[in-house]
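The values are calculated or read from the model by the stated rules, or taken from the named source; none is laboratory data. Since the model is a prediction, treat every value here as computed from it, not as a measurement. FYI the Cβ positions are ideal-geometry reconstructions off the backbone, even for glycines, and counts take in every protein chain you see. Just so you know, the surface numbers come from the protein's heavy atoms only, side chains and all, with ligands and any DNA or RNA stripped out. Shrake-Rupley method; radii C 1.70, N 1.55, O 1.52, S 1.80 Å.
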Amino acid sequence: MSSRIPSREVARQLDVEILTLFPEVFDSFLRTSLLGKAIENGIVRVHRTSPRDYAQGRHRQVDDAPYGGGPGMILRPEPVAAAIEAAEGEPGRCYRLLLSPSGRLFDQALARELAGRGRLLLICGRYEGIDQRVADLFADETVSIGDYVLAGGEMAAAVVIEAVARLLPGVLGCGESADDESFSAGRLEYPQWTRPATFRGLAVPEVLLSGNHAQVAQWRRSESLRRTEARRPDLLLRHPLSDDEKALRDGGSAKRRRK
Ligand code: SAH
């Protein structure tokens, strides 16, 4: 069993090994924007390995029909196991995630936890999935990015990489912060605006133009709460309202009633 890592500890660098039959899927993703820069600056390193290169036989077949019958093909365990061992190589053991719709739901808390691991291995399935022995023998966790079925684990791996990488120091631009945004405190982020002050008849809320920082902060907290109540009541069940928030909400609805 691996030990739990306190969510505040973040590694300075991230090494990611991706196991995928389609390494080219990641080409532009790894070159672009924040992640592309983080890779250029050596904060994030990503390496890709294809199980196909470790498959046996003339046809290098990586999949086969499921035992017990049923549609589609299942990835065989041997090429995946050999690819894991080759990918980890000298630097040794990674924290290994198997991407699957039947995994634990990926969320910001897990992203923070993974940001403390330093070295990740992401195993992408294809077709109907991967022989169960890969999960049993190799995976530290099985992770799903949502309740829908993709054709492969590559997009899911990209989601995990992007969510984790942006938490490392130096990946987000100066002054940007990952602390004050959706999910960090079990609340959705408040809405934001930029110039122009009026666009197609819609004006930016006046309080944001007031220059009164305390008022702006309070308004944002109350918008954040309102949005969370309307769109994600499940978050409120897991992170109940604080006394401050109750006061804010009661104050806010009293004001709205007066309008
Ligand atoms: N038959 C499987 C689905 C296989 S989809 C089932 O019903 O569970 C093929 C591959 O896509 C999976 O092996 C997995 O790696 C990836 N995948 C699909 N949906 C995913 C999701 N929501 N989260 C993470 N990976 C997913």
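Of these, R166, R104, R117, which one is over 14 Å from E17 (Cα atoms), touching a strand residue (DSSP E or B) at 6+ places or on another chain (Cβ under 6 Å) and open to solvent by 40 Å² or more (accessible area, probe 1.4 Å)? Walk me through how you get there before you give the answer.
On the way: R166 fails: touching a strand residue (DSSP E or B) at 6+ places or on another chain (Cβ under 6 Å); R117 fails: over 14 Å from E17 (Cα atoms).
Result of the check over R166, R104, R117: R104.
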Residue hits (segment 15-28; touching an Asp or Glu at 6+ places or on another chain (Cβ under 8 Å) and in a helix (DSSP H, G or I)) are V25, F26
For the condition surrounded by 15 or more Cβ atoms within 10 Å (Cβ to Cβ), touching a strand residue (DSSP E or B) at 6+ places or on another chain (Cβ under 8 Å), within 19 Å of I161 (Cα to Cα) and not aliphatic (A, V, I, L, M), what is the one hit in D15, D63? D15
Name the residues in segment 214-252 that are surrounded by fewer than 16 Cβ atoms within 10 Å (Cβ to Cβ) and not in a helix (DSSP H, G or I), would you? H239, P240, L241, S242
Basic (K, R) and buried (at least 17 other Cβ atoms within 10 Å of the Cβ): is that true of R52 in this structure? no
Pairs, first free of Cβ contacts under 8 Å to residues at least 40 places away in the same chain in segment 124-139, second within 11 Å of the ligand (Cβ to nearest atom) and open to solvent by 30 Å² or more (accessible area, probe 1.4 Å), C-beta under 7 Å, six or more apart: A135/T142
Pick from E40, E90, E78: which is acidic (D, E), more than 16 Å from the ligand (Cβ to nearest atom) and under 22 Å from the mean Cα position of the chain (by Cα)? E40
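Considering segment 78-93 alone, what residues qualify as being surrounded by fewer than 18 Cβ atoms within 10 Å (Cβ to Cβ), free of Cβ contacts under 8 Å to residues at least 60 places away in the same chain and not small (G, A, S)? Outline the logic, then answer.
At the first step, the residues of segment 78-93 found to be surrounded by fewer than 18 Cβ atoms within 10 Å (Cβ to Cβ) are 78, 81-82, 85-86, 88-93.
Filter once more, keeping what is free of Cβ contacts under 8 Å to residues at least 60 places away in the same chain: 78, 81-82, 85-86, 89-90, 92-93.
The answer is E78, E85, E90, R93.
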Looking at segment 29-47 only, could you name the residues that are open to solvent by less than 80 Å² (accessible area, probe 1.4 Å), under 20 Å from G153 (Cβ atoms) and touching a strand residue (DSSP E or B) at 6+ places or on another chain (Cβ under 8 Å)? L30, L35, V44, V46
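For residues that are open to solvent by 60 Å² or more (accessible area, probe 1.4 Å) and among the acidic types (D, E), scanning just segment 120-156, find the one that is farthest from the ligand (Cβ to nearest atom). Walk me through it before giving the result.
First pass over segment 120-156, keeping only residues open to solvent by 60 Å² or more (accessible area, probe 1.4 Å): 127-128, 132-133, 136-137, 147-151, 155.
Now restrict to residues that are among the acidic types (D, E): 128, 136, 147.
Numbers: E128: 4, D136: 15, D147: 7 Å.
Step by step, filter segment 120-156, then rank; the result is D136.
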